[in-house]
Each structure stands twice: as C-alpha cells, then as structure tokens.
C-alpha cells in the first residue's frame with residue numbers, strides 16, 4: 001500500500017487524533033507547503049469551503065461568510081439531501097495572527113467549543129494543530145457524535161479511494 | 001510485573017480462542033446481560049455459561065456483579081475499545097478533510113510558483 005501512494009505529496013503525512021482530556025480534541029497533520037499557503041486555504045472562504053466538508057459527505061453549501069479577524073464573525077449554511085432543514089454553523093473569531101494562529105468560538109449553543117488552530121512552519125512544511133475545547137465532557141461527546149454520524153458512506157468512498165491507489 | 005501481564009495476556013487469548021466466548025463478548029459490547037440471558041441466547045445450560053463467563057472473568061475481559069439472585073455480566077474493556085473506535089472514526093473524517101486541503105495547498109503552491117516565474121520575466 002505505501003509504495004502505491006508515492007505519487008501523493010501527502011503520502012507521509014498522517015492525520016493524528018487525540019482525546020487530550022475529557023473536554024479536548026486535538027488533531028494534527030503536516031502539510032507539504034509553507035505556513036502562509038496553508039493559512040490562506042484556511043482563511044479564505046472560497047478555499048475553505050472546498051475542503052472543510054469533504055465532497056463525499058454529500059453536503060452542499062448554501063452560504064459561507066468568513067470575516068477572519070479578531071472580533072469578526074463566521075457563518076456557514078449547509079444543506080444535505082437527507083434533511084429538510086439547512087444547518088447553520090456560526091461563531092466569532094477571537095484571535096487571528098496571520099500564518100500562525102486562528103482562534104474561534106462556536107455559538108450554535110452555549111455548549112459550543114473554543115477552537116484554536118496553529119500553523120508551525122519548519123523546513124518548508126507546516127504542522128497544523130487543531131484544538132477544540134468544550135465546556136463539558138457531555139458537550140464534546142454530543143458535538144462529535146453528530147460530526148461522525150452519516151460518515152460510513154464517506155468512509156466507504158475513502159476506502160475505495162485508498163484501495164485504488 | 002512482566003510475568004503478570006504475560007500471564008494475563010495468555011489468559012485473554014485463551015479466553016478468546018473459543019467461539020462461544022467470543023460471541024458472549026460481542027453480545028456484551030451491545031448490552032449488559034445476566035448469565036441466564038446469555039445461556040438462553042447461546043442455547044446452553046446455566047452451568048455451561050457460568051464456566052464460559054468464569055474464563056472471561058479470569059482473563060479480565062468481563063466483570064460480573066451479583067444483585068439478589070441475578071448475576072449481571074458486563075464487558076471489562078469496553079471503555080478502551082470504544083475509545084479506540086471513536087478515535088479511528090474521527091481520524092478518518094479528518095483524514096478525508098485534509099486530503100482535500102492537500103489538493104488546494106498544491107494548487108496554491110503551483111499558482112505562487114507560476115506568479116514568481118512571470119515576475120522574473
């Protein structure tokens with residue numbers, strides 16, 4: 001398998017997920033690009049929306065507003081063929097340091113997480129650390145159960161993709 | 001210490017080497033059950049099921065608790081297993097997401113290089 005993926009620039013870059021505590025989720029991944037590039041893909045709405053929801057999730061984006069600066073707001077509205085209602089995700093950017101760090105809140109409920117993403121460049125590569133802190137363990141469980149729901153189909157597609165390489 | 005964990009590992013593998021006991025474990029990952037319920041489910045005598053549960057218990061794969069006349073069995077390693085499955089589920093989601101991000105990052109890199117070349121001309 002690994003040698004079959006040699007054409008992929010990300011072949012060596014594994015995504016790691018860790019439950020740092022009952023209320024914290026940490027995801028890390030290295031990208032083969034300098035920090036300003038990864039930051040750009042993360043902070044421009046027209047780019048962000050192309051990767052945040054993987055194609056295979058079957059969701060379509062109704063609207064996407066991102067005002068990426070301290071105090072700025074974001075709001076994404078998604079639709080999924082299986083649901084009548086559109087889903088909105090919204091919150092506020094608390095801290096934005098270009099090419100280094102973005103901190104935002106999630107305000108759909110009072111149980112939303114505070115998310116910190118950091119970009120650390122080393123020798124032309126960038127280590128991205130995505131850190132979510134929930135107010136309670138229950139809030140983390142609930143939020144993440146939701147995000148992993150409806151994924152089997154997506155996993156199947158991913159498996160296919162990986163098997164085909 | 002090493003001796004102890006090896007003994008325990010041996011006990012686990014021995015316990016898992018029996019199809020009925022694997023079935024019982026699987027059943028218990030879904031819900032706790034009494035010995036009686038398990039015996040019925042696996043078409044077995046109470047004594048037979050007690051023996052199987054005893055093996056699983058000694059291997060620390062299952063814990064039991066007696067309340068009145070009912071002995072309830074539950075999986076002992078459930079937390080750990082659930083944790084592992086949970087992590088893997090989320091890793092796959094993020095992995096898919098980041099593979100898409102890789103594509104965009106490559107495009108941006110390409111654009112930047114093209115722009116730099118154009119400037120030099």
Q: Search the stretch B:71-121 for residues being at pLDDT below 85 and more than 37 Å from the chain's Cα centre (by Cα), and hand back the single one that is nearest to the other protein chains (Cβ to nearest Cβ).
A: B:119
(Q) If residue A:81 satisfies all but one of (1) closer than 30 Å to residue B:115 by Cα; (2) loosely packed, with under 13 Cβ neighbours inside 10 Å; (3) in contact with a strand residue (DSSP E or B) (Cβ under 9 Å, 6 or more places away or on another chain), what's the number of the condition it fails? (A) (1)
Q.
On the basis of being in a loop (DSSP other than H, G, I, E, B), in contact with a helix residue (DSSP H, G or I) (Cβ under 8 Å, 6 or more places away or on another chain), within 12 Å of chain B (Cβ to nearest Cβ) and modelled with pLDDT under 90, does residue A:33 make the cut?
A. no
Q: Keeping to the stretch A:53-75, report how many residues are in contact (Cβ under 8 Å) with a residue 12 or more places away in the chain and within 14 Å of chain B (Cβ to nearest Cβ).
A: 7
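Working carefully through the options B:39, B:11, find the one that is modelled with pLDDT under 80, surrounded by 15 or more Cβ atoms within 10 Å (Cβ to Cβ) and more than 14 Å from chain A (Cβ to nearest Cβ). Working first, answer last.
On the way: B:39 fails: modelled with pLDDT under 80.
Just a single option satisfies the conditions, and that option is B:11.
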Q | Cβ-Cβ under 8 Å pairs, at least 6 apart or on other chains, the stretch B:97-111 side free of Cβ contacts under 8 Å to residues at least 12 places away in the same chain, far side surrounded by fewer than 17 Cβ atoms within 10 Å (Cβ to Cβ) and not in a helix (DSSP H, G or I) | A | B:102/A:8; B:102/A:9; B:106/A:9
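The values are calculated or read from the model by the stated rules, or taken from the named source; none is laboratory data. Treat the numbers as computed from the prediction; the structure is a model and nothing was measured. Cβ atoms come from the backbone with ideal geometry, glycine included; neighbour counts cover every protein chain shown.
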